[in-house]
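Q: Okay, here's the structure, questions in a sec.
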Amino acid sequence: MIDPVRRAYLLLFAAAVCALVPVAASAQGKGELAKSLRRAMDAYDNIEFGEAERGLEDAIALAQRLGQDQTPAAAELHLFLGVVRHAVSGDAAAEDAFLDGLTIDPSATLNPDYATPQLEAILERARARVPTANPDPGPGPDVTPDLSPAGFDGMRHDPIETATAGTPVQFAAEVSANTPVYRVTVHYRRFGEREYTALPLTPSGDTKFVGLLEGGRVRTSQIDYYIEASDRTGKTLVGAGGALSPLSIIVFGDTDTVITDPDLDPDPDPDPEPGGERRHMYLSVGAGSGAGLATGDPIVNPAVPIRTGLAPTPLHINAELGFYLIESLTLGAFMRAQLVLLTEGVELEPIFGGKLAWWFDNEGAVRLYSGVGGGYGFVRHTVNLNPTLDFVDTTREGPLHAGVGFGLGFHFNDYVALVLDAYVPVLFPTLSVQADVQLGLRLMPF
């Protein structure tokens, strides 16, 4: 038999152990949540947004299993999840995550290392939505309520944050029963596209609408979209996102999937080039002038010595035909036809060659470029033989050359551009340096 004193001590010891075990488990759980938050921050700093988001979601699930989902540590996880989702999906998704955290801890604040004015503003919007002890009784029967956890007026829609290339994406939206909706449409555009494409949603109930974006269209790194519900007149009643502030889907996987079904997508280009339809061929025609070093002998009077120096090449016409290897790299063949003005008439001195050019900006109207070239042909420099002879003659340098070029093009549209071009070739074996400047039109028919 255990005496009463020893029994009392055993009961006290057991009670102490039972009290300490939850405390130890709680401390261990808090440590795990802190480690998960740190790992998510490291992933975010390394621009691994998907990994950071998954880690935070797992940590929030762990907090629920440990019974710590209503602690300040859990609120901190939700707030940083809002930071990550802002980078992935935009303001609405961030506000939704912030609201979850503030519901747990209304006094929670953003980590100072990640706080920005934009995120602080979103946090304040979420703070204004935190339920109070005496909530507003709600809108009257004629007011459309806010049904969405992300804050869309009168529409419930959970933003789609990620997708897999080649896999269909299902859109779903729900409007309030007292909204006189006639049509619900998703407007989407893939990365690099300027215009949105409309995808009608079909009713799946009295207030629910769904639609499927075919997997063949899920083939760029990002898809922007917004949803509108309209009445019979076409007036937009409620929506999620907008044309200027769309929701975004990050697409993972092989985004270069080639579409073989022409009915699914008439454009086989796997990733449209920014700045408009891609060009394939160009034709440039221009006229200009130049100057260079006259080092050869006069053609008409070879016995008359000349002083090596700068001499003009008054007029030439240049034509170039080429191809776009990629949107920013072109390869072309050119002909420079120099008009040599002589006392007896006009002679034509051609040069043939090729140029490889890199265009630095493939989106703006004004685009700079530089390149290299080479070819075969002579340059004729005009020289005055005074005082030895009262005669204007020309020299001939070349016939080989290699040069560098640079310039800019002003694009009126996708098909016509005004190009200002400078080309500086070194000629040999009759050594000389020439500098040409010309102005012309660049046509891109297809």
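Q: Counting Lys and Arg as +1 and Asp and Glu as -1, what is the net charge of the other residues whose Cβ lies under 13 Å from the Cβ of residue 332? Numbers along the way, then the final one.
A: Details: positive: 279, 336, 355, 442; negative: 320, 421.
Residues close to residue 332 contribute a combined charge of +2.
Q: Now for a separate question. Can you give the local net charge around residue 48? Use residues other than it whose beta-carbon is closer than 11 angstrom to its beta-carbon, Lys and Arg +1, Asp and Glu -1. Walk me through the numbers before you get to the answer.
A: Details: positive: 39, 54; negative: 42, 45, 51, 53.
The answer is -2.
Q: What distance in nm separates the simple spin-label points at residue 339 and residue 310, each placed 7 Å from Cα in the Cβ direction?
A: Placing both labels 7 Å beyond Cα along the Cβ direction yields 2.4 nm.
Q: So, one more: What FRET efficiency comes out for residue 121 versus residue 198 if R0 is 35 angstrom and r is the Cβ-Cβ distance? Round to the nearest 0.05. All intermediate terms of the calculation are to be shown ahead of the outcome.
A: Working: r = 31 Å, r/R0 = 0.90.
For R0 = 35 Å, the calculated efficiency reads 0.65.
Q: How do 392, 169, 366 rank when sorted from fewest to most other Cβ atoms within 10 Å of their own Cβ?
A: Lowest to highest Cβ neighbour count: 366, 392, 169.
Q: Report the extension gain between residue 214 and residue 390 in nm, rounded to one decimal, defined as 0.36 nm multiplied by the number of residues separating them, less their alpha carbon distance.
A: Working: separation 176, 0.36 × 176 = 63.36 nm, distance 8.05 nm.
Extra length available between residue 214 and residue 390 comes to 55.3 nm.
Q: Along the charge dipole of the range 155-252, which of 241, 192, 170 sits closest to the positive end, that is, farthest toward it, with unit charges on the beta carbon of Lys, Arg, Asp and Glu (+1, +1, -1, -1)?
A: Checked the options; the winner is 192.
Q: Looking at the range 166-203, which GluC sites (Glu not before Pro) are in a loop (DSSP not H, G, I, E or B) and have at most 16 other Cβ atoms within 10 Å? The partial results should precede the final answer.
A: Working: sites: 174, 193, 195; in loops: 193, 195.
Sparse-neighbourhood loop GluC sites (Glu not before Pro): 193, 195.
Q: Give the shape of the range 15-128 as rounded, prolate or oblate, defined through the alpha-carbon gyration tensor: a ≥ b ≥ c are the square roots of its eigenvalues, a/c under 1.5 means rounded, and otherwise the shape is prolate if a/b is larger than b/c and oblate if not. Don't jump to the answer; show the numbers that get you there.
A: Values: a/c = 2.56, a/b = 1.70, b/c = 1.51.
Prolate, because a/c is 1.5 or more and a/b exceeds b/c.
Q: To continue, here is another question. May I ask you to evaluate 6.51 cos²θ - 1.76 cosθ + 1.60, the Karplus curve with θ = phi - 60°, for each residue of the range 289-303 and list the ³J(HN,Hα) values in order in whole Hz, giving x for glycine and proline?
A: After applying 6.51 cos²θ - 1.76 cosθ + 1.60, I find 9, x, 7, x, 8, 8, 10, x, 8, x, 6, 7, 10, x, 7 Hz.
Q: When a footprinting reagent is the concern and you count Cβ atoms within 10 Å, what order do 355, 35 take, fewest first? Display every interim value, and only then the final one.
A: Values: 355 22, 35 12.
So the ranking, lowest neighbour count to highest, is 35, 355.
Q: Whole-Hz ³J(HN,Hα) for each residue in the range 421-437, computed from phi via Karplus 6.51 cos²θ - 1.76 cosθ + 1.60 with θ = phi - 60°, x for glycine and proline: what do you get?
A: Karplus values, whole Hz, x for Gly and Pro: 10, 10, 9, 10, x, 9, 9, 7, x, 6, 5, 6, 10, 10, 10, 10, 10.
Q: Sticking with the crude label model, points 7 Å out along Cα→Cβ, report the distance from residue 38 to residue 329 in nm, one decimal please.
A: Reported label-point gap for residue 38 and residue 329 is 4.6 nm.
Q: So how far apart, in nm, are the two label points at residue 46 and residue 366 if each is 7 Å from Cα heading toward Cβ?
A: Here the modelled spin labels are 4.3 nm apart.
Q: Check each of the GluC sites (Glu not before Pro) in the range 347-403 and keep only those in coil by DSSP with at most 12 other C-beta atoms within 10 angstrom; list them in order. Working shown, then result.
A: Values: sites: 347, 363, 397; in loops: 363.
Loop-located and lightly packed - 363.
Q: Give me 156, 65 ranked fewest to most by other Cβ atoms within 10 Å of their Cβ, as a rough exposure proxy. Can you show the working numbers first?
A: Details: 156 19, 65 9.
In increasing order of surrounding Cβ atoms, one gets 65, 156.
Every number here is computed from the coordinates shown, using simple stated rules; none is lab data. Because the structure is predicted, anything quoted here is derived from the model rather than measured. Here Cβ is always computed from backbone atoms with ideal geometry, including for glycine, and neighbour counts include all displayed protein chains.
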